[in-house]
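Visitor: After the structure tokens below, expect a handful of questions from me.
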């Protein structure tokens, strides 16, 4: 069982979208998945209520008063728990990090997102999880333009490298398929490929991300054993 938090104190970086991408990928692998929507905007709650979501994916809302209970309940009958937090630095973010095996920090290729990501990594390192250590974590590039990497992107990537910030090897590119997850209220594998472009490429990225996170969690558990 794994608890994965999508954490950022900045809105618009792709936390909810990434949570839905991962939920779909883990569900495809046969896992029971719970998304805990701890963002007051409740985008994931609305997504689940209005669309065609696999039966193995369930969504619950939470806030600072109920998050710990919701995570404990989710751990009882799910294989993967994904926590989508509010785009601000608050108690919910800290609580979610403290319950997590892995913290993904989504960041668009922008100076503001990189600045926030560096601060969020500092917070993760300051909060021990249930094992008494900081959760495994990495910055996840989102909404990256496909094709040629710009000079700005390379400079931002170098900034993270020089700061010693772990970065996920997988990126989620700027694709219509990711935007369509919300408008169609479903998972990547259920999007109509005749209406939405690049679904196969998005699914490939999502699968690679799920595998990378799983491997990172397993590696940390084996190291601790």
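For (1) surrounded by fewer than 17 Cβ atoms within 10 Å (Cβ to Cβ); (2) in contact (Cβ under 8 Å) with a residue 12 or more places away in the chain; (3) part of a loop (DSSP other than H, G, I, E, B); (4) touching a strand residue (DSSP E or B) at 6+ places or on another chain (Cβ under 9 Å), each residue gets a yes or a no:
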residue	(1), (2), (3), (4)
148	yes, no, yes, no
152	yes, yes, no, no
156	no, yes, no, yes
206	no, yes, no, yes
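Visitor: In the set 185, 198, which member is closer than 23 Å to residue 48 by Cα and free of Cβ contacts under 8 Å to residues at least 40 places away in the same chain?
Guide: Working: 185 fails: free of Cβ contacts under 8 Å to residues at least 40 places away in the same chain.
The unique qualifying residue is 198.
Visitor: Related question: List pairs: first residue in the stretch 64-78 and touching a residue at least 60 places away in the same chain (Cβ under 8 Å) and on the phi < 0 side of the Ramachandran plot, second residue surrounded by 15 or more Cβ atoms within 10 Å (Cβ to Cβ) and assigned to a loop (DSSP other than H, G, I, E, B) anywhere in the structure, Cβ distance under 7 angstrom, at least six positions apart or on different chains.
Guide: Sorted first by the residue in the stretch 64-78, then by its partner, the pairs are 71/99; 78/32.
Visitor: Moving on to the next point. Looking only at residues in the stretch 90-113 that are out of contact with any helix residue (DSSP H, G or I) (no Cβ under 7 Å at 6 or more places or on another chain) and assigned to a loop (DSSP other than H, G, I, E, B), which one is nearest to residue 141 (Cα to Cα)?
Guide: So, considering only residues that are out of contact with any helix residue (DSSP H, G or I) (no Cβ under 7 Å at 6 or more places or on another chain) and assigned to a loop (DSSP other than H, G, I, E, B), the one nearest to residue 141 (Cα to Cα) is 108.
Visitor: Still on this model: Just the residues that are part of a helix (DSSP H, G or I), under 25 Å from residue 215 (Cβ atoms) and more than 17 Å from the chain's Cα centre (by Cα), please, taken from the stretch 159-195. Even if it seems obvious, please write down each step before you answer.
Guide: As a first pass, look at the stretch 159-195 and keep what is part of a helix (DSSP H, G or I): 159-162, 176-184, 188-190.
From what's left, under 25 Å from residue 215 (Cβ atoms): 160-161, 177-178, 181, 188-189.
Correct list: 160, 161, 189.
Visitor: Can you work out which of the residues in the stretch 97-136 that are free of Cβ contacts under 8 Å to residues at least 24 places away in the same chain and out of contact with any strand residue (DSSP E or B) (no Cβ under 9 Å at 6 or more places or on another chain) is farthest from residue 74 (Cα to Cα)?
Guide: 115
Visitor: Let me ask something else about it. Exactly one of (1) in contact with a helix residue (DSSP H, G or I) (Cβ under 8 Å, 6 or more places away or on another chain); (2) part of a helix (DSSP H, G or I); (3) buried (at least 24 other Cβ atoms within 10 Å of the Cβ) is unmet by residue 23. Its number?
Guide: (1)
Visitor: Here's something else I'd like to know. Where residues in the stretch 26-64 are part of a strand (DSSP E or B) and surrounded by fewer than 21 Cβ atoms within 10 Å (Cβ to Cβ), which of them is farthest from the chain's Cα centre (by Cα)?
Guide: Keep residues of the stretch 26-64 that are part of a strand (DSSP E or B), which gives 33-38, 52, 57-61.
Subset that is surrounded by fewer than 21 Cβ atoms within 10 Å (Cβ to Cβ): 52, 58, 60-61.
Numbers: 52: 20, 58: 16, 60: 16, 61: 16 Å.
Among those that are part of a strand (DSSP E or B) and surrounded by fewer than 21 Cβ atoms within 10 Å (Cβ to Cβ), it is 52.
Visitor: Hey, can you tell me all the residues within the stretch 4-20 that are under 15 Å from residue 120 (Cα atoms) and in a helix (DSSP H, G or I)?
Guide: 15 - this is the single residue of the stretch 4-20 that is under 15 Å from residue 120 (Cα atoms) and in a helix (DSSP H, G or I).
Values in this text are rule-based calculations from the coordinates and carry no lab data. Quantities reported herein were computed from a predicted structural model and do not represent experimental measurements. Heads up, the Cβs are rebuilt from the backbone with ideal geometry, glycines too, and the neighbour counts pull from every protein chain shown.
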